[in-house]
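K.L.:
Sharing a structure here in structure tokens format.
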Amino acid sequence: MTIHKQMVTQPAKQYEETISVSCDICGKDHKGAQEDSEGVNWGNSYNDVDATGVYIKAGYGYSDCGSHRTTHYHICPTCMKKHVLPFVASLTKNPLSNYVVDW
Ligand SMILES: [Zn+2]
């Protein structure tokens, strides 16, 4: 039995990655920020949680499957606290609700 082999060159893997996200209000570019379906995590490292989200999701389905579209603004935490939250607070009498995770 003879086994015949040849050298094969595979093209390098090419993929798209987010380098930075710019705030839609102040325009500041945040390196390391990562976009997801509900907004942006503006933290600089993998475990940082500093996320904001102003979005509307419409359609039908379960979580990330089905048929729906999410449209959102990218608003950094500074602009969220300075501009968006005060504006929303001016429209409602309800206080901000909190969801706390503590390990
Ligand atoms: Zn901003």
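The values are calculated or read from the model by the stated rules, or taken from the named source; none is laboratory data. These numbers come from a predicted model, not from an experiment. Neighbour counts run over all protein chains shown; Cβ positions are idealised from the backbone, glycine included.
K.L.:
Residue by residue through segment 20-35, note down the ones that are more than 9 Å from the ligand (Cβ to nearest atom) and within 14 Å of Tyr73 (Cβ to Cβ).
P.N.:
Val21, Ala33, Glu35
K.L.:
Let me ask something additional. Across segment 37-52, which residue is nearest to the ligand (Cβ to nearest atom) among those that are exposed (fewer than 13 other Cβ atoms within 10 Å of the Cβ) and within 20 Å of Tyr99 (Cβ to Cβ)?
P.N.:
The extreme case among them is Val49.
K.L.:
Which ones in segment 1-38 are modelled with pLDDT of 95 or more and either part of a loop (DSSP other than H, G, I, E, B) or over 16 Å from the mean Cα position of the chain (by Cα) (or both)?
P.N.:
Listed by number, the residues that qualify are Cys23, Asp24, Ile25, Cys26, Gly27, Lys28.
K.L.:
Which ones in segment 39-54 are assigned to a loop (DSSP other than H, G, I, E, B), out of contact with any Gly (no Cβ under 6 Å at 6 or more places or on another chain) and in contact (Cβ under 8 Å) with a residue 24 or more places away in the chain?
P.N.:
Trp42
K.L.:
Let me ask something additional. Out of the residues in segment 53-103 that are aromatic (Phe, Trp, Tyr) and touching an Asp or Glu at 6+ places or on another chain (Cβ under 7 Å), which is farthest from the ligand (Cβ to nearest atom)?
P.N.:
Ranking the candidates gives Tyr55 first.
K.L.:
Count, please, the residues in segment 55-76 that happen to be surrounded by fewer than 16 Cβ atoms within 10 Å (Cβ to Cβ), outside any loop (DSSP other than H, G, I, E, B) and of a type outside the set (Ser, Thr, Tyr).
P.N.:
The total comes to 9.
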